[in-house]
Every structure is written in structure tokens, then in C-alpha cells.
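For reference, the structure discussed in these notes is given below.
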Amino acid sequence: MSLLAVPIIAVLALFLVLFTSTVLFFCLTKLKNKIILLNMEVQGQALLLNELQVSNQKLQQDFDVMAESSSKLAAENAQVSQQLEHRIKKLQHQAIEQQQLFTQWQESQGQDKFYNRAFKLAEKGAGIEEIMSECELPQAEVEMLLSVYQQRIRSQ
């Protein structure tokens with residue numbers, strides 16, 4: 001090898017080392033910058049995660065309050081519903097009683113109507129046969145009504 005070849009090789013080697021060092025330096029700088037950016041992103045994500053956890057806790061507390069309120073309202077609604085059902089049954093029972101009383105009253109009014117008509121016919125001077133056919137009453141009842149009517153006239 002020639003004497004000149006050694007310094008050229010040394011210069012080339014030095015140049016190669018410098019070039020490689022420069023490339024590695026730039027690569028390391030880029031990686032360092034990326035690491036810094038990733039660390040900043042991780043910190044941002046950590047802050048966001050912390051905010052989300054705080055929000056989640058707040059929402060959980062709100063949910064717990066609403067669930068408790070909802071269960072209280074459900075219990076109150078159940079109690080009111082039971083009271084209303086009891087009142088409805090009571091009112092239905094009263095309605096049935098009123099219907100029965102009304103039916104009894106109607107039935108008694110029907111009989112009273114026949115007796116009142118019989119008294120009016122007696123006042124007009126109708127006989128037993130006419131009152132029996134007009135009022136659909138048996139002969140014994142018509143005779144009793146006429147007897148009561150005549151006693152009223154005598155007592156007046």
C-alpha cells in the first residue's frame with residue numbers, strides 16, 4: 001500500500017465516522033423530540049383521564065342520588081297505589097250498596113204507585129173490580145185499601 005493510501009483511508013474513515021455520527025445525532029435528536037412529544041401527549045392523556053375519572057365519580061354520585069330518589073318515589077307510588085285501590089274497592093262496595101238501595105226503593109215505589117193510584121180511584125168513586133183491573137192488585141188488598149180510605153173520610 002502506498003503511503004498516500006493510508007491517509008486517504010484514514011480521511012475516508014474519519015469522514016465516514018463523522019457522517020455516521022451526524023446522521024445518528026440527527027436521528028437521536030428526532031427520536032428525542034418524538035419522545036418529548038409522546039411524553040407531553042401521555043401527560044395530556046393522564047390529565048384527560050384524571051378529568052374523566054372525576055367526572056365519572058360525579059356522575060356516579062348523581063346516579064346514586066337519583067337511584068335513591070327513584071326508589072323512594074317508587075315506594076311512595078306503591079303506597080299511594082295501594083291506598084287508591086283500597087278507596088276504589090270501598091267506593092265500588094258503596095256503589096253496589098247504593099244500587100241495591102235504589103233497586104229496593106224502585107220496587108217499593110212501584111208498589112206505592114199502585115196503592116196511590118188505587119186511593120185516587122177510590123176518591124173518584126171507583127169500585128173494587130175497576131181498581132183491581134187498573135192497579136193489578138188482588139181483591140183482598142183492594143178491599144183493605146177501600147176500608148182504610150173510608151176510615152180516613154170518616155175521621156176527617
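Values quoted throughout were computed directly from the atomic coordinates according to the rules given, and no laboratory measurement underlies them. Keep in mind that what you see is a predicted model, and the values were worked out from it rather than measured. Cβ placement follows ideal geometry from the backbone for every residue including glycine, while neighbour counts extend to all protein chains displayed.
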How big is the dipole moment of the chain about its Cα centre under a simple scheme where the beta carbon of each Lys and Arg is +1, that of each Asp and Glu is -1, and everything else is neutral? Debye, nearest 20, please. 1200
Each residue of segment 34-47 in turn: what ³J(HN,Hα) in whole Hz from Karplus with 6.51, -1.76, 1.60 and θ = phi - 60°, glycine and Pro shown as x? 5, 5, 4, 4, 5, 4, 5, 5, 4, 5, x, 5, 5, 4
Between Ala74 and Leu37, what is 0.36 nm times their sequence separation minus the Cα-Cα distance? Round to one decimal in nm. 8.0 nm
Whole-Hz Karplus couplings 3J(HN,Hα) for segment 80-87, θ = phi - 60° and coefficients 6.51, -1.76, 1.60, Gly and Pro as x, run 4, 4, 5, 4, 5, 4, 4, 5
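Can you give the relative contact order of the chain as a percent, counting alpha carbon pairs under 8 Å and 6+ residues apart?
11
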Backbone HN-Hα couplings from phi across segment 54-61 [Karplus 6.51/-1.76/1.60, Hz, Gly and Pro as x]: 5, 4, 4, 4, 4, 4, 5, 5
Report Rg (one decimal) and Dmax (nearest whole number) for the chain, counting Cα atoms only, units Å. 56.9, 177
Please list, or write none, the aspartates and glutamates whose alpha carbon is within less than 19 Å of the alpha carbon of Lys113, excluding same-chain residues fewer than 8 places away. Glu123, Glu129, Glu130, Glu134, Glu136, Glu141, Glu143
Sequence-distant aspartates and glutamates (8 or more away, or on other chains) whose Cα lies within less than 18 Å of Lys72: Asp62, Asp64
Cut-off 10 angstrom, C-alpha nodes, Gaussian network model of the chain. Which of Ala78, Ala13, Ala122 fluctuates the most? Ala13
Which residue, Leu101, Leu48, Leu14, tops the fluctuation ranking in a GNM of the chain built on C-alpha contacts under 10 Å? Leu14
Principal-axis tilt of helix 139-155 within the chain, Cα atoms, nearest 10 degrees: 70
